[in-house]
Amino acid sequence: MASFEQEELWRSAKALASDKAANTVLDRLEQRAIDEWKQSDPEDLGGRDAAYFMIRAIAAFRGELNALASEPDITRFNSRLKRAN
């Protein structure tokens, strides 16, 4: 059984993952990085790399947030599998 703190963390992650404001901010940051990449000089490797890494960082943040938010569902599923065996 998960602790109260773990349950609270999962609830917070699920709320943040579905929060429209948070998703709007991440979408804006992602779009800004895409625009910077598109408008950058092809020889500005540093600027292009920075934009690429920003997009990757946003994707990684979203992925980890969604993984954390789905942990209780996975834990419940795994518990049911263990009981069935």
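FYI, it's all coordinate maths here, none of it is from the lab. Quantities reported herein were computed from a predicted structural model and do not represent experimental measurements. Using ideal geometry, Cβ is built from the backbone for each residue, glycine included, and neighbour counts are taken over all protein chains shown.
Would you mind finding the one in 64, 7 that is in a helix (DSSP H, G or I) and in contact (Cβ under 8 Å) with a residue 60 or more places away in the chain?
Going through 64, 7 in turn, the sole match is 7.
Take region 11-23 and flag every residue that is within 12 Å of residue 62 (Cα to Cα) and assigned to a helix (DSSP H, G or I).
Residues satisfying the conditions are 13, 14, 16, 17, 22, 23.
On the given criteria, is residue 48 in a helix (DSSP H, G or I) and touching a Ser or Thr at 6+ places or on another chain (Cβ under 7 Å)?
yes
Mind checking whether some residue in region 10-32 is more than 30 Å from residue 72 (Cβ to Cβ), surrounded by 11 or more Cβ atoms within 10 Å (Cβ to Cβ) and either in contact with an Asp or Glu (Cβ under 8 Å, 6 or more places away or on another chain) or not acidic (Asp, Glu) (or both)?
Yes, that holds for at least one residue.
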